[in-house]
Structure formats: C-alpha cells, structure tokens
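Scroll down for the structure; my scribbles are underneath it.
Only the coordinates and a few stated rules stand behind these numbers; no lab work does. All values derive from a computational prediction rather than experimental measurement. Reconstructed Cβ throughout: ideal geometry from the backbone, glycine too, with neighbour counts over all protein chains shown.
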Amino acid sequence: MARPGMTAAGAHDAAAAGAATDAARDTARARAESVARESYGRLLALIAAPGGDIPSAEDALADAFLEALTRWPAAGIPGNPEGWLLTVARNRLRDRWKSTAVRRTVPLDPTVLFGLSGSLDPPAPLSLDDVDPDEIPDKRLELLFVCAHPAIDPGIRTPLMLQTVLGFDAARIAVAFSLPESTMAQRLVRAKRRIRDARIPFTVPGLSELSGRLPAVLEAIYGAYAIDWQGVAGPSVRESLAAESLYLATVLAALLPREPEVLGLAALLSFSLSRAPARAAPDGSTIALDDQDPARWDRELIRQGEMLLRRAHGFDRIGRFQVEAAIESVHCDRARSGETDRPALLALYGALVRIAPTLGARVALAATVGAVEGSAAGLAALDSVAVLPGADGFQPAWATRAHLLAQAGRVRDARVAYQRAIALCADAGIRSRLQEQCALIGAA
Amino acid sequence: MRYSLLVISQEAEDANISDEMMEWGRAAFDAYGKSLDAAGVLISADILQPVSASTTVTVRDSALRVQDGPFADTKERLNGTFVIEVPDLDAAIAWAEQCPAAQYGAVEIRPSAIIFRDGAWRGQE
C-alpha cells in the first residue's frame, strides 16, 4: 500500500542507500514499509496532536521515513522502529520551530493579510516532548474526531481519514472518489490547513457531547465502505477500501468498547467483508448476494461479526448500524441454514426504515415485502418510494421494480423497467446480470 | 487563540422587532457580555450602528474611494463583533452558541491571523 511517508522516501531511496548492500537495503525498506503500514496513523496523530498542524506532521514523518531508509541498511533496524521514527520526526519538527521562532515579530506578511495563510507562530511542542518513544500513546481516536469535526465539510471527512489515519495517498483516494487527483489533493490540503488555522482541537468529546459527535465519525468510516457499492472504482480498490474501513471500525471499537453503534458498524463491516471472496466472478464482474456461493464466505469474519453484534445488543441501545449488521447477519446465516430467513429480513428492514429512512433501505424493504407477501404488495410498497426525490435515478429501485413486474407477469412493463435499471447501472457485472434477466422474461 | 465572533443578522429596522423582542435582546446580550467577561475570554465586544452609518473605503491605483454604505449590500449584515481569546475552535463554537444572535441570525467565527500588540504585528500566541 502506498503511504505518503513511503512515497516521499521511495523517491530518494536509490540515492540514500550509499554503500549499503542491496539485501540490507531491501530488508530495511521492507521493515520501514511494514512500520509505515502499521504505525503511520498512530505516529501522525501523535505528532500532529499538540499543535493541530497535520501538514507539518506529515512533512516531519516523511523525513523520518526517508532517514530510516538511509540509516537502517548500514546501522541495522532499531529495536523499537516506531520510537525511532517518532524521535526523528520530533527533532525535525523542533528544527522547524526554531527556524520559524526567529520570525516571532512578523513584518506584515502579505499572504496573511490576503487571507492565504493562518497563524504564523508555532504551537508549543511541549506535550510531544513528554512522550516516551517506548510507550507511544494512541491519538488516532482524537484524529478521527478531528477529521469528522462539524467544522469540516462532510464531503472531505472520509478522504481525510483515509489519508491521515490510514496513510493512503491523494492519488489513490481520488480514484476511489472518481475525482481528478489534483482536485482531491487540493481539497485535502485545504481541509488540513483549516484544521490548523481554525485550531480544531485533538480531543475526544466528553460523554455529554459524544453522542452528538460520534455519528459523523461512524458515517465517515462507513463512507469508505460505501464507496464499495457505488461502482465508482475498480474492484481491487473497492475491496481494499472496504477492508480499511473495517480496520478503522475495529480500532474505534477497541477504543470505545461501550458504544453499541461502534460495535454495530464493526459487525456490519465484518459481515460484509466476509462475502468479498464470493462477490467477484472469474471474469471480474460482481455476483449479486442471492447468487453467491456461501461456501466461499469467510467464516472467521462471520464469527467476528456475530460476536461484535452480540456485544452491541448487550447495551440495549439500538441504532442504524446495529440494524444493518443484523440484516447482514441474516444474509450470512444462509451459509449455515441453506436459506435466507425473509420474514426476519422484513422485520429488520422495517426497523431500519424507521431509524434511517434512506432510499436504499426503503427499496430493500419493498423488495423484501415482495419476496414475503407477493409481487403486488412489493410493487405497492415500491410505488410509495418512487415518488421520493432521487428515486427516479436510483438503479436498485428500477431493478427491484423490474423483478417484481416480471414475477407478476407484466412482461412489457418489466422490460421497460429493466431497460431503465440497465441504463442507470455503473457496475458491468450487475449490468450483464440485469440484461440476462431481461432477456429471460420473454421466454418464460 | 483569538477569534472574532461576527454577528450576522437583519438590522433591527428591517426585522420589525417588537418591544418585547427588543427587551429580550437587551437582557440576553447583557447577560452574554457579562458571562464572557466573567469567564475571562473577552477582548472586546461591539454592537455596531446600522449600515446606513457605515462608510466603505477602498484605494485603487493610489486613488482613495470613500463610499457610503456597507462593502457588500445584502439583507443580512455584520451587526456586531465579539473578540475572544480561547484555547480552540470547540471553545469558540461553545461561546458562539451562547450568543443571542445565533437564535435569529448567524454568528461567523473567524480566527485572527495576526494581532497588533506592543507596537508590532504578531502571530497568535
């Protein structure tokens, strides 16, 4: 995975290696990459937290990774690579602060006057100095709350998390969000400046505020997973983003083990990821849930999902992500029982629509009504959804309608609905499946 | 960190404010000013005269242009400023939330970039 630290370091790798042998360099490089993968977010959060200055922390960390690639091949890999990187990055920051401290009284800086930049004085680095490199505290939770702060544009929250907590580079995030790389990079830079200049604090809100602030964090993590379903990127990027969102949710669940919706989100993502191996056809296209072979689902992830969901339910505070996880759990139970418990799904989708009446939830409810109570009831439920804003351009609404119309024997109407669904479908695999289904209704 | 809380609202004259509302506003702003003061975060607080009293100055190509009226002529206007010194944005948001104007207008929070103090422009503390 491309981490920003490693991107910068990689560019200078060849020049930096000096007299080191290729083998030592490869080992050092591999170790640095593995530390980057595991620790990037932890180190960045810790370095950025005292001053709220993410861009400077990114630079300092990139410098530290670069120095690791220079020094580790000859000197050997340190016993505590994370602590080593933290110390180097901390020193880099201090050097920067010293050089800017000279400008404590500033001549009027035109960039400030024209609103191009914010505070000029460095924030006090004190608390970072107090950190023992052997015992690195975890500030990632604080960083998650910064990324999903109400003063940050909701649209950039998920990309910001992907970059700062997980270390994705802007190019990769841009692909996932179907944006030009320069646009995504610019938005990320702006958001990080805003965090620094408006001084958004690196704190976890107190209990009284937590319930108001947590949903945005969960929403942003869920956003990384939801990209998966919009057919905007290649399957490999989508799967890896979904896996990373599960990782974030698991980190969050470990840090906030008494918040049922956090557990619910982690459960939801576990269940969903469990089906990843069965989701892709040999030709790379997507296989719909009901057509998947449950033998190929990941049992370990299903067990993890069940465990998280049980713990969430123990708190007796129901929420959207717990209900969605329960729905996923019913689907995953087909691996055990051989069939999908539709009446259970009906009750759960009903609950979901009451808690979070999204278009997707309403259409899923109508489809389940159709499966349990017959096509006429399903179509009636769908009619009440069709009048909602956005429904006319929502592919699943048309696919569900086509399916129910075909069941009801209304061949001509079904074909029209299939054509509409096919035209709206961004995923090649699902599109060809819709085309097959459309071709079959005439033959029946 | 120094922030300006900019009170953006309709002007009293345009908003057709009743006497009771005016009385509520006086009491609410009085209490707000006192609580900012008591918390030790207040640098200055000004409620401004209507924009009919404002004068906008621009200099283009060395030529001074003085115009009557506000810079941007909109229905909602800058009607007051509270300059406060607090640790971070969350604290500033908490104070903006307390501002009576948040209930009928808007309070824009702008961090100060540099401050003129002891004879020179300086960065934030």
Fill in: Fluctuation leader among B:Val83, B:Val66, B:Val51 - chain B, Gaussian network, Cα springs under 10 angstrom
B:Val66
Discussion item. Could you give the length gained by full extension between A:Asp291 and A:Ala426, i.e. 0.36 nm per residue of separation minus their alpha carbon distance, to one decimal place?
Written reply: 46.7 nm
Worksheet item: Fewest first, what order do B:Leu42, A:Leu162 take by the number of other Cβ atoms within 10 Å?
Response: B:Leu42, A:Leu162
Worksheet entry | Full-stretch length increase - B:Glu23, B:Ser44 - with 0.36 nm per residue and alpha-carbon distance subtracted | 5.3 nm
Practice prompt. Count the net charge of all other residues whose Cβ sits under 15 Å from the Cβ of A:Arg303, scoring Lys and Arg as +1 and Asp and Glu as -1.
Written response: 0
Worksheet item: Got a sec to turn the phi values of the stretch A:265-280 into Karplus ³J(HN,Hα) couplings, 6.51 cos²θ - 1.76 cosθ + 1.60 with θ = phi - 60°, whole Hz, x for Gly and Pro?
Response: 5, 4, 5, 3, 5, 4, 4, 5, 5, 4, 8, 3, x, 9, 7, 9
Response to the item:
So, over other residues within a Cβ distance under 11 Å of A:Thr358, counting Lys, Arg +1 and Asp, Glu -1, the net charge is +1
Worksheet, complete the sentence: Pseudo-spin-label distance A:Ser211 to B:Glu108, built 7 Å along Cα→Cβ, given in nm, is 3.5
Worksheet entry | Dipole of chain B [Lys/Arg +1, Asp/Glu -1 at C-beta], most positive-end residue of B:Ala53, B:Ala101, B:Ala63 | B:Ala63
Item to complete: Starting with the fewest neighbours, write out A:Cys425, A:Cys332 ranked by other beta-carbon atoms found within 10 Å of each beta-carbon.
Response: A:Cys425, A:Cys332
Discussion item. Less than 17 Å from a label point 7 Å out along the Cα-to-Cβ axis of A:Glu38: which backbone N atoms in the stretch A:250-272 qualify, by residue?
Written reply: A:251
Worksheet entry | Around A:Arg42: net Lys/Arg minus Asp/Glu count, Cβ-Cβ under 10 Å | -1
Fill in: At R0 = 41 Å, FRET efficiency that the Cβ-Cβ distance of A:Met307 and A:Val411 yields, to 0.05
0.30
Worksheet item: Residue by residue, what Karplus-based ³J(HN,Hα) values in Hz, rounded to whole numbers, does the stretch A:189-200 have, using 6.51, -1.76 and 1.60 with θ = phi - 60° and x for Gly and Pro?
Response: 4, 4, 5, 5, 5, 4, 4, 6, 6, 7, 6, 6
Worksheet, complete the sentence: Most exposed to least, judged by fewest other Cβ atoms within 10 Å, B:Met22, B:Met1 sort to B:Met22, B:Met1
Discussion item. Could you tell me how far the Cα centroid of the stretch B:44-115 sits from the Cα centroid of the stretch A:306-375, in Å?
Written reply: 50
Worksheet item: Hey, rough spin-label estimate for A:Thr203 and A:Ala23, points 7 angstrom out along Cα→Cβ, what's it come to in nanometres?
Response: 5.4
Worksheet item: Which value, in debye to the nearest 20, describes the size of the charge dipole of the protein assembly as shown about its Cα centre when Lys and Arg Cβ atoms bear +1, Asp and Glu Cβ atoms bear -1, and nothing else is charged?
Response: 1140
